[in-house]
Amino acid sequence: MSDHFVRPDVQALLDMLNSQPGPKMHELSATEARGMMTVMGAMAEEELGDLAVIRDLSIPGPAGTIPARLYDARESRGAGPVMVFYHGGGFVIGDLDIYGPYCAEVARQLDMPVISIDYRLAPEHRFPAAAVDCEAATRWIAGSPAELGLEVTGLVTSGDSAGGNLTIVTTMALRDNPAAVPILVQHPIYPVVSDSNDWQSMRDFAEGFLLTKDSMDYFHAAYAADANDYRGAPIKFSQEGMPPSLVTTASLDPLRDQGLAYVEVLKAAGVPVQHRSADGNIHGHITLRKGIPSSKDDVAGNLAALKAMLAEVMADA
């Protein structure tokens, strides 16, 4: 299949978005850009749906309280693993509400509690604020605090785009300095793993495929990550000893090639890794399931693979 194949429902959404007048995201303030993402979510993402538990949490962090939200398909459950989810948005946009429908769907399909982390955003809080918050929140969850009301036996880390970066760097931090329970599996979704935009996919899909090179430059400038720090460019640092990993990319994504490169780095480090490609789809599709109905199948396939991987890890434990 051609790298430039576009699904019909993806093309329809892109045609609509690309025909809209007005400024582009990279021409807006951070506050305005966040509003744009909220509007996009309301238009193109599925509804939250029914769920037994949706509860806000306040997690103590090194710079103050970190808001979070718990999603669970059951009113109560015994000891077991929990997913910690870090939302996308270039470290600048994104929030608990926009990612609520996706997290609820994960909770339903995996029959697992999902805790979404509302880390500090740039440019008000530059690098490494997001990574610091995500590590602190994940360590707190791992300790099964009374406020959580769950007995956590292991963690699954996951997130998309910037949240894919936060997935990887949080997992690296807990690999090197373990928390109360281990990370069993990580699931980065079209992750940012490099400080460089010098990738063929960035050139091929720089314009017209939702995420643009100009937007990536905007996000990089706002977050101001240090490429000499593992949290800024994790692909440059050792991945040995990482847990089994499920990495998702999209074929029309400017970030595709760095995600593929990360898969190869994991393989070279001896990490069990599976890669799933959303062929003919774009960056951001996990939260565009109404606008791109075929994305529901991508999400279901990812979660089925994740569920199988987790079952295998737990059986071997």
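Just checking: which of the helices (runs of 4 or more DSSP H) contained wholly in the range 191-295 hold 3 or more residues that are at negative phi and among the charged types (D, E, K, R)?
Numbers: elements: 200-204, 213-223, 256-268.
Helices (runs of 4 or more DSSP H) meeting the threshold: 213-223, 256-268.
Select from the range 246-257 the residues that are under 15 Å from the mean Cα position of the chain (by Cα) and over 19 Å from Cys103 (Cα atoms) and write down the one among them that is surrounded by the most Cβ atoms within 10 Å (Cβ to Cβ).
From the range 246-257, those under 15 Å from the mean Cα position of the chain (by Cα) are 246-250, 253, 255-256; that's our starting set.
Then keep just the ones that are over 19 Å from Cys103 (Cα atoms); that gives 250, 253, 255-256.
Details: Ala250: 30, Asp253: 26, Leu255: 24, Arg256: 24.
Among residues in the range 246-257 that are under 15 Å from the mean Cα position of the chain (by Cα) and over 19 Å from Cys103 (Cα atoms), the one surrounded by the most Cβ atoms within 10 Å (Cβ to Cβ) is Ala250.
From the list Ala278, Ala308, the lone residue that is within 25 Å of Cys103 (Cα to Cα), crowded, with 21+ Cβ neighbours inside 10 Å and among the hydrophobic types (A, V, I, L, M, F, W, C) is Ala278. The set of residues from the range 41-72 being farther than 16 Å from Ser116 by Cβ and in contact (Cβ under 8 Å) with a residue 24 or more places away in the chain comprises Met43, Ala44, Glu47, Pro60, Pro62, Ala63. Residue-level check: of (1) in contact with a Phe, Trp or Tyr (Cβ under 6 Å, 6 or more places away or on another chain); (2) not in a helix (DSSP H, G or I), Ala104 misses just (2). Selection of first residues in the range 192-205 that are modelled with pLDDT of 95 or more and of second residues that are buried (at least 20 other Cβ atoms within 10 Å of the Cβ) and of a type in the set (Lys, Arg), restricted to Cβ pairs under 7 Å at least 6 apart or on distinct chains, gives the following pairs, ordered by first then second residue: Ser201/Arg256.
For the range 17-39, which residues satisfy the criterion of being hydrophobic (A, V, I, L, M, F, W, C) and touching a residue at least 60 places away in the same chain (Cβ under 8 Å)?
Here is the first cut: in the range 17-39, the ones hydrophobic (A, V, I, L, M, F, W, C) are 17, 25, 28, 30, 33, 36-37, 39.
Scanning the range 17-39 gives Leu17, Met25, Ala30, Ala33, Met37.
Among residues belonging to the range 152-183 that are among the polar types (S, T, N, Q) and not in a loop (DSSP other than H, G, I, E, B), point out the one that is nearest to Gly80 (Cα to Cα). Talk me through it step by step, then tell me what you get.
As a first pass, look at the range 152-183 and keep what is among the polar types (S, T, N, Q): 153, 157-158, 161, 165, 167, 170-171, 177.
Among the residues that remain, those that are also not in a loop (DSSP other than H, G, I, E, B) are: 153, 157-158, 165, 167, 170-171.
Working: Thr153: 5, Thr157: 14, Ser158: 17, Asn165: 25, Thr167: 20, Thr170: 20, Thr171: 19 Å.
The selected residue is Thr153.
Table: residues versus (1) over 25 Å from Leu266 (Cβ atoms); (2) buried (at least 24 other Cβ atoms within 10 Å of the Cβ); (3) touching a Leu at 6+ places or on another chain (Cβ under 6 Å).
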{"position": "Asp118", "(1), (2), (3)": "yes, no, yes"}
{"position": "Gly163", "(1), (2), (3)": "no, yes, no"}
{"position": "Ala173", "(1), (2), (3)": "no, no, no"}
{"position": "Asp198", "(1), (2), (3)": "no, no, no"}
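Okay, residues lined up against (1) surrounded by 15 or more Cβ atoms within 10 Å (Cβ to Cβ); (2) within 19 Å of the chain's Cα centre (by Cα); (3) charged (D, E, K, R):
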position	(1), (2), (3)
Arg55	no, no, yes
Ile66	yes, yes, no
Arg74	no, no, yes
Ile93	yes, yes, no
Tyr99	yes, yes, no
Glu105	yes, yes, yes
Pro128	yes, yes, no
Ala136	yes, yes, no
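The values are calculated or read from the model by the stated rules, or taken from the named source; none is laboratory data. Everything quoted here is computed from the prediction, not taken from an experiment. Using ideal geometry, Cβ is built from the backbone for each residue, glycine included, and neighbour counts are taken over all protein chains shown.
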